[in-house]
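To start, the structure itself, in structure tokens.
The values are calculated or read from the model by the stated rules, or taken from the named source; none is laboratory data. In this text the structure is predicted, and so the values were computed from the model without any measurement. Every residue, glycine as well, gets a Cβ built from its backbone with ideal geometry; the counts of neighbours run over all protein chains shown. What goes into the accessible areas is simple: the full protein's heavy atoms, side chains included, and nothing from ligands, DNA or RNA. Shrake-Rupley method; radii C 1.70, N 1.55, O 1.52, S 1.80 Å.
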Amino acid sequence: MNAIRTSNDFFNRLYRLPLFRWLSHPATITVYGSFWLVVSALSEPLFADEGLWGYQGWLWVHYGSPPYIGSVENKGPGIASLFAIGELVFGHQYWFARMMGILCLLATGWLLYRIGERWRDRWTGLIAMSVYCLASAWKSFDGPYTAQTETFMNFFIVLAFYWVAMASSEEVERPKRLVAAGIAMGMAIAFKQIAIVSVGALCYFAIARLKPGDLIGKKFWKVCLWLGAGILLATAVSLIPLWVSGVTCRDYVEGAWLILLNPGSTQLRTFASSMESLSRPDMLVFYACFVFLWKRKSTFELKKIPLSGLLAWMIFSYLAVQSQGWYHRHNYKLTLPCLALAAGLSVQELIDMLPIPDYKINAARTAALWFLIVGMTQVRDMPKVGYSLNLLLHPAPIMEKTLGEWLHQNTSDKDLVYIYGSIRHQPGNRLEFYAARRSPSRYFNDHFIDPPAIAAQVAQDIMSRPPRFIAVWDNMPPEWLQDILRGSFAYRFNMARYWVYENTKLR
């Protein structure tokens with residue numbers, strides 16, 4: 001008995017130590033997570049998507065040519081507006097968007113912490129926060145590119161779920177809370193349209209917390225009405241910068257929604273390839289968490305944890321990923337918030353099942369938390385500190401940047417430059433960003449010029465607004481571009497696998 005009391009006193013004193021308490025503090029996890037997110041962001045140069053959004057922001061700020069009118073891209077107005085703000089305040093760079101992405105990742109982690117704390121306990125929230133922030137740095141989720149649309153979309157989706165998850169059963173139907181959730185979801189859609197799929201999960205999440213008799217009654221329609229009102233309000237607010245710049249509703253619908261039917265926006269996949277995309281090794285552990293939670297569903301029902309709502313969130317997230325067709329690594333970031341919550345609930349439920357004395361439980365939870373955190377930073381997909389630090393101190397030469405700077409220095413603000421990359425392997429967006437010169441066509445992104453009608457439009461744009469230079473990746477121009485090059489263009493040189501041709505009439 002004396003030995004147990006002595007051990008009890010030891011663990012109690014240990015847990016009261018400031019260092020021990022800080023190990024399980026959300027601020028500590030935030031600082032640790034921000035360190036790895038910065039390391040990850042420093043490990044890779046400009047990404048193709050960042051290049052195209054940076055070009056759109058530059059074009060909008062310097063020439064008053066907004067998205068959907070001056071440039072074609074299949075995203076909502078949110079990401080272009082963000083890069084335009086960075087261009088306006090800090091000049092031609094992409095680090096502002098990456099830093100804002102890191103802040104959004106940390107804020108999303110904090111929201112997950114609050115949800116986990118509300119549902120179960122602070123330890124659940126700490127694990128969910130840690131899993132989300134650290135997994136977001138993995139290369140298997142395109143972690144270095146923190147300015148991806150999924151980063152900002154996830155923040156607003158989780159914020160929408162936060163407004164509903166933090167409410168009691170009696171507060172769920174309150175208009176202010178539902179409108180706030182709808183506004184957050186509307187902002188998520190403004191960054192990436194596929195977030196509209198998550199609206200279904202949010203509706204289920206909110207409605208499932210009502211009494212069974214209310215599912216087909218007035219409260220059901222009340223929930224849908226106020227959520228819809230918030231989404232419409234946020235959509236209208238996100239379009240204000242475009243409307244001020246002369247973009248009409250028709251331009252927005254065609255440029256952000258109808259373009260999703262373009263082959264460059266999606267591609268059809270077979271059922272087998274869809275299943276293969278779901279069996280990624282780094283996702284298998286998360287699946288195990290959901291299986292474990294479902295086995296313990298009776299326990300969660302007693303604790304009033306909305307496990308069915310969390311499962312619906314995951315299912316709708318996977319539907320959103322699958323509906324995009326393109327299985328890029330960053331597409332899977334959409335699944336991370338609900339999977340992080342599942343991990344937090346699973347770990348804490350597992351610890352509670354173990355025969356651990358009460359006076360040791362906090363030590364066990366702290367050990368489990370940091371065992372998980374350290375393990376996640378040691379995986380192969382986590383960028384290495386030494387590598388990122390070396391790139392920061394000794395930047396490696398980027399040939400596309402060198403070529404882009406040459407094009408910029410050998411042209412004036414009035415000159416045009418057309419860049420044709422490989423649609424599947426090497427989009428020309430990075431070179432467009434570095435060159436910082438206008439394209440003769442609003443179809444600057446070669447992902448969207450496959451249809452013959454659009455290719456003909458691009459050819460007409462080039463003929464009517466002749467560029468000073470044309471750069472072609474790997475010297476593989478399509479037939480319509482070959483006809484233009486044979487007309488009044490002469491080969492100059494090649495660099496970074498781009499063949500550069502100069503307009504002989506504009507020398």
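Can you tell me which residue among Ile470, Ile484 is in a helix (DSSP H, G or I) and of a type in the set (A, V, I, L, M)? Even if it seems obvious, please write down each step before you answer.
Details: Ile470 fails: in a helix (DSSP H, G or I).
Ile484 is the lone residue from the list that is in a helix (DSSP H, G or I) and of a type in the set (A, V, I, L, M).
When you scan segment 354-375, how many residues do you find that are among the charged types (D, E, K, R) and open to solvent by less than 40 Å² (accessible area, probe 1.4 Å)? Please lay out each step first, then the result.
From segment 354-375, those among the charged types (D, E, K, R) are 358, 360, 365; that's our starting set.
Narrowing the set further to residues that are open to solvent by less than 40 Å² (accessible area, probe 1.4 Å) leaves 365.
Residues in segment 354-375 being among the charged types (D, E, K, R) and open to solvent by less than 40 Å² (accessible area, probe 1.4 Å): 1 in total.
I need the full set of residues from segment 320-378 which are more than 27 Å from the chain's Cα centre (by Cα), under 12 Å from Ile127 (Cβ atoms) and among the polar types (S, T, N, Q), in order please.
Gln348, Thr366
Quick check: anything in segment 57-79 modelled with pLDDT of 95 or more, more than 23 Å from His447 (Cα to Cα) and among the hydrophobic types (A, V, I, L, M, F, W, C)?
yes
What is the residue count in segment 79-101 for residues that are more than 10 Å from Val61 (Cβ to Cβ), open to solvent by 10 Å² or more (accessible area, probe 1.4 Å) and either touching a residue at least 60 places away in the same chain (Cβ under 8 Å) or under 14 Å from the mean Cα position of the chain (by Cα) (or both)?
5
Residue by residue, here is whether (1) in contact with a strand residue (DSSP E or B) (Cβ under 8 Å, 6 or more places away or on another chain); (2) outside any strand (DSSP E or B); (3) of a type in the set (Phe, Trp, Tyr); (4) in contact (Cβ under 8 Å) with a residue 12 or more places away in the chain holds:
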| position | (1), (2), (3), (4) |
| --- | --- |
| Gly386 | no, yes, no, no |
| Asn390 | no, yes, no, no |
| Lys401 | no, yes, no, yes |
| Gly404 | no, yes, no, yes |
| His408 | no, yes, no, yes |
| Ile419 | yes, no, no, yes |
| Arg430 | no, yes, no, yes |
| Phe433 | no, yes, yes, yes |
| Ser439 | yes, yes, no, yes |
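Restricted to segment 294-318, and to residues that are of a type outside the set (D, E, K, R) and not in a helix (DSSP H, G or I), which residue is least open to solvent (accessible area, probe 1.4 Å)?
Narrowing segment 294-318 to residues of a type outside the set (D, E, K, R): 294, 298-300, 302, 305-318.
Now narrow it down to the ones that are not in a helix (DSSP H, G or I): 305-306.
Numbers: Ile305: 11, Pro306: 28 Å².
Among those that are of a type outside the set (D, E, K, R) and not in a helix (DSSP H, G or I), it is Ile305.
Of everything in segment 108-140 that's among the basic types (Lys, Arg) and over 28 Å from Phe433 (Cβ atoms), which residue is least open to solvent (accessible area, probe 1.4 Å)? Talk me through it step by step, then tell me what you get.
Kept after step one, since they are among the basic types (Lys, Arg), are these residues of segment 108-140: 114, 118, 120, 122, 139.
Filter once more, keeping what is over 28 Å from Phe433 (Cβ atoms): 114, 118, 120, 122.
Details: Arg114: 65, Arg118: 106, Arg120: 44, Arg122: 71 Å².
Selected residue: Arg120.
For residues in segment 33-49 being assigned to a helix (DSSP H, G or I) and at pLDDT below 95, which is surrounded by the most Cβ atoms within 10 Å (Cβ to Cβ)?
Ranking the qualifying residues of segment 33-49, first place goes to Asp49.
Kindly check whether there is at least one residue in segment 148-170 that is open to solvent by less than 10 Å² (accessible area, probe 1.4 Å), of a type outside the set (A, V, I, L, M), closer than 30 Å to Ala436 by Cα and not in a helix (DSSP H, G or I).
yes
Can you name the residue in segment 104-147 that is of a type outside the set (A, V, I, L, M, F, W, C) and more than 30 Å from Glu301 (Cβ to Cβ) and is also modelled with the lowest pLDDT among such residues?
Only one residue fits best here, namely Ser140.
Can you tell me how many residues in segment 189-213 are modelled with pLDDT under 90, part of a helix (DSSP H, G or I) and in contact with a Gly (Cβ under 8 Å, 6 or more places away or on another chain)?
2
Please verify whether Leu105 is open to solvent by 30 Å² or more (accessible area, probe 1.4 Å) and not β-branched (Val, Ile, Thr), treating the condition exactly as stated.
no
Looking at this structure, is Ile351 touching a Pro at 6+ places or on another chain (Cβ under 8 Å) and surrounded by fewer than 19 Cβ atoms within 10 Å (Cβ to Cβ)?
So Ile351 does not fit the description; no.
Does Met382 satisfy the criteria of being part of a loop (DSSP other than H, G, I, E, B), in contact (Cβ under 8 Å) with a residue 24 or more places away in the chain and surrounded by 20 or more Cβ atoms within 10 Å (Cβ to Cβ)?
Numbers: part of a loop (DSSP other than H, G, I, E, B): yes; in contact (Cβ under 8 Å) with a residue 24 or more places away in the chain: yes; surrounded by 20 or more Cβ atoms within 10 Å (Cβ to Cβ): yes.
When the stated conditions are applied, Met382 passes them.
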